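Quick notes on the structure that follows.
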Amino acid sequence: MFLVNKKSKNMKTTFKFSAVAFTLLLSATVLFTSMKPADEGGYDWMKGRLDSSKAFTIEVLEAMPADSYDFKPNDDQRTFAAQAYHIAYSIDYFKRALKEGASAKWAPGDENSKSKAELVKWASEQFDEINAFILEQEASDAFTGGIISFLDHNTHHRGQVVTYLRMKEITPPSYR
């Protein structure tokens, strides 16, 4: 009797284990075969972030009075105008780099050559162009890495000019 009970108990345990394994396997099969694959596509999901980056950067550039665009914290730093120029030029560069890859050349020219109005207009146009270009692309890891580099670079220099505003006792626009 003991032997029969032991066999019966082992069979019950085996059956329970098999039932649980089958249920898990069936659940996983249903789950993974019913999941919709990730949508193919581009970067529409980034539109809000791209628009916000443009709006915030332009607002920061507009916050500095035109007669203070020559301000720089010390002799080793760029002027506010040069920072604004660098922001606008780098957007153009990143757009070209995203299109052309390593063949895109960095040749910014004179960073103190434009007025406030010219710089704000140029930066706005560059944002419009790169944002439209990004939104037209199909998603890829390499391209996403380029977008992150572009946004990171812009954020870095925007942060620098926010510091310039504070040094001039100008309250910068609120972060968004």
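The values are calculated or read from the model by the stated rules, or taken from the named source; none is laboratory data. A quick note: this is a predicted structure, and the numbers were derived from the prediction, not measured. Neighbour counts are summed over all protein chains in view; Cβ atoms, including those assigned to glycine, are modelled from backbone coordinates with ideal geometry.
If you go through the range 140-168 and keep only what is closer than 22 Å to F71 by Cβ and free of Cβ contacts under 8 Å to residues at least 40 places away in the same chain, you end up with H156, G159, R166.
With respect to (1) part of a helix (DSSP H, G or I); (2) over 19 Å from N154 (Cβ atoms), the lone exception for G42 is condition (1).
Taking the conditions (1) closer than 24 Å to M46 by Cα; (2) touching a residue at least 24 places away in the same chain (Cβ under 8 Å) in turn, E100 satisfies each one other than (2).
Residue-wise test of (1) of a type in the set (K, R); (2) surrounded by fewer than 13 Cβ atoms within 10 Å (Cβ to Cβ); (3) assigned by TED's automatic domain parsing to the domain that holds A132; (4) modelled with pLDDT of 95 or more.
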site: A66; (1), (2), (3), (4): no, no, yes, yes
site: Y69; (1), (2), (3), (4): no, no, yes, yes
site: K72; (1), (2), (3), (4): yes, no, yes, yes
site: R78; (1), (2), (3), (4): yes, no, yes, yes
site: A82; (1), (2), (3), (4): no, no, yes, yes
site: I91; (1), (2), (3), (4): no, no, yes, yes
site: F94; (1), (2), (3), (4): no, no, yes, yes
site: A97; (1), (2), (3), (4): no, no, yes, yes
site: A102; (1), (2), (3), (4): no, yes, yes, no
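The number of residues in the range 130-154 that are surrounded by 13 or more Cβ atoms within 10 Å (Cβ to Cβ) and not in a loop (DSSP other than H, G, I, E, B) comes to 14.
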